[in-house]
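Before any comments, here is the structure.
The values are calculated or read from the model by the stated rules, or taken from the named source; none is laboratory data. Treat the numbers as computed from the prediction; the structure is a model and nothing was measured. In this analysis, Cβ positions are derived from the backbone assuming ideal geometry, glycine residues included, and neighbour counts consider all displayed protein chains.
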Amino acid sequence: MVTRTQTLLPIGVAAVIIGVVAMLNIPTDAKLEAVQFPKGTIKLDGMVLEVQIADTEPRRVRGLMFQNQLPYDEGMLFVFDTPGQYSLWMLNMQFPLDMIWFDEQGRVVHIEENVPPCKTALETATCTGKSPGGFASYILEVTGGFVEKFNITEDSVLEIISI
């Protein structure tokens, strides 16, 4: 009969290996804690938000890693050149996020609420936000609880003021 240790030890070793490989494959720009993001301003249902702009692959990979929780009037806007089904990960996050996917016209495509940060090596390898069913051109990350607090729904509209 297989013991618990015989079962868990290979799983633990595999999780550590996967975590190390994942960390080694992060682009160098994403590993730096002091990455600078351009700033922009958006409106969501009339609420003005100051956002960090993630408009290149290294910036999108780096995202909000290592940052402290954001106030409700701040976020990060991921900007893509072409509409697609994009997913996000929660590697090295310090707080839960609400994620909102928008199409080219600023209409909500998908919402994920209170997505928890990844904490373990196994989570690091598998921790990805869900990809929506529709195509998105923008994804807004805000502090967990934002969607509920400000009643963001599938009918909400994103307006780009400056990015």
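Tell me whether segment 4-22 contains one or more residues that are at pLDDT below 95 and either touching a Cys at 6+ places or on another chain (Cβ under 8 Å) or among the charged types (D, E, K, R) (or both).
Yes - at least one qualifying residue is present in segment 4-22.
Would you call N68 at pLDDT below 95 and at positive phi?
Numbers: at pLDDT below 95: yes; at positive phi: no.
No: the conditions fail for N68.
Among (1) hydroxyl-bearing (S, T, Y); (2) buried (at least 21 other Cβ atoms within 10 Å of the Cβ); (3) modelled with pLDDT under 95, where does T126 come up short?
(2)
Within segment 42-90, which residues are under 19 Å from T153 (Cα atoms), small (G, A, S) and exposed (fewer than 14 other Cβ atoms within 10 Å of the Cβ)?
G46
Being more than 18 Å from Q52 (Cα to Cα) and not aliphatic (A, V, I, L, M) is the filter here, so list the residues in segment 136-151 that pass it.
Matches in segment 136-151: G145, E148, K149, F150, N151.
Run C118 past the list (1) over 26 Å from E159 (Cβ atoms); (2) touching a residue at least 40 places away in the same chain (Cβ under 8 Å) and report the number of the one that doesn't hold.
Of the numbered conditions (1) over 26 Å from E159 (Cβ atoms); (2) touching a residue at least 40 places away in the same chain (Cβ under 8 Å), the odd one out for C118 is (2).
Mind listing whichever residues of segment 70-119 are among the small types (G, A, S) and over 15 Å from V51 (Cα atoms)? Outline the logic, then answer.
Filtering segment 70-119 for residues among the small types (G, A, S) gives 75, 84, 87, 106.
Across segment 70-119, the qualifying residues are G84, S87, G106.
Residue under question is V108, and the condition is that it be under 24 Å from G133 (Cβ atoms), surrounded by 13 or more Cβ atoms within 10 Å (Cβ to Cβ) and modelled with pLDDT under 90; does it hold?
no
When you look at Q36, is it in a loop (DSSP other than H, G, I, E, B) and at pLDDT 65 or above, yes or no?
yes
Would you mention how many residues in segment 64-92 are aromatic (F, W, Y) and more than 13 Å from the chain's Cα centre (by Cα)?
Counting residues in segment 64-92 that are aromatic (F, W, Y) and more than 13 Å from the chain's Cα centre (by Cα) gives 2.
With the requirement that a residue be farther than 10 Å from Y138 by Cβ and touching a helix residue (DSSP H, G or I) at 6+ places or on another chain (Cβ under 9 Å), what does segment 77-98 give you?
Hits for segment 77-98 are L88, W89, M90, L91, N92, L97, D98.
Only one of (1) surrounded by 14 or more Cβ atoms within 10 Å (Cβ to Cβ); (2) under 15 Å from the mean Cα position of the chain (by Cα) fails for D103. Which number is that?
So D103 meets the others, but not (2).
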